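Working notes, beginning with the structure itself.
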Amino acid sequence: MDEQLIAPCGMNCRLCIAYQAGLAGLNQKGFRKTTCPGCLPRGKHCLHMGDQCTQLATGQIRYCFQCASFPCRRLKMLDRRYRTKYHMSMIANLTWIRDRGMASFLEREAGIWRCSRCGGVICCHNGLCLNCDLQRLRQNKRYRWNETDNGA
Ligand SMILES: [Zn+2]
């Protein structure tokens with residue numbers, strides 16, 4: 001886990017399908033996935049929040065918890081979507097980083113998202129390890145977390 005992959009909104013880009021698709025070379029294996037090196041590495045202050053937040057867009061703050069409005073309405077909406085569909089919470093992540101530090105957070109993330117079979121990193125967007133579960137993704141390119149959530 002890498003601090004540079006922790007976006008201002010609390011997203012861990014290491015878990016993102018666009019990051020993992022690039023890392024795993026999915027487009028060389030017959031997939032057509034958008035790839036991304038991570039919000040900060042690609043020069044976007046924050047994909048989720050930066051377009052509507054001046055403080056983030058201009059790089060005045062590194063993390064949303066440094067803002068007086070934390071957690072703002074937009075972050076709460078994003079957080080609810082990710083809690084519901086992707087088994088993670090931006091606000092919980094940010095609160096952990098603020099209160100316990102980045103090293104502790106990165107260690108915790110590595111434990112939570114570790115693939116029990118190969119030691120790789122599970123993707124938060126589909127619940128799969130792109131080493132071990134590629135066949136499942138091949139059979140259903142829109143596969144997501146056993147499809148237990150109601151789509152959309
Ligand atoms: Zn694995």
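Residues in region 75-85 that are crowded, with 16+ Cβ neighbours inside 10 Å and over 14 Å from ALA7 (Cβ atoms): 1 in all. When the helices (runs of 4 or more DSSP H) confined to region 89-152 are screened for residues that are closer than 27 Å to LYS76 by Cβ and of a type in the set (Lys, Arg), those reaching at least 2 such residues are found at 90-100. Selection over region 1-22 of residues that are of a type outside the set (D, E, K, R) and in contact (Cβ under 8 Å) with a residue 60 or more places away in the chain gives a count of 11. Considered as a group, the residues in region 99-116 that are without any contact (Cβ under 8 Å) to a residue 40 or more places away in the chain and small (Gly, Ala, Ser) include one that is nearest to the ligand (Cβ to nearest atom), and that residue is SER116. Of all residues in region 117-128, those that are over 10 Å from GLN20 (Cα atoms) and within 12 Å of the ligand (Cβ to nearest atom) have Cβ atoms under 9 Å from Cβ atoms of residues that are part of a strand (DSSP E or B) and among the charged types (D, E, K, R), 6 or more apart or on another chain, in GLY120/ARG114.
Every number in this text was worked out from the coordinates using simple rules, so none of it is lab data. It should be emphasised that the depicted structure is a prediction, and the values quoted were computed from it without experimental measurement. Every residue, glycine among them, receives a Cβ derived from its backbone with ideal geometry; neighbour counts consider all protein chains shown.
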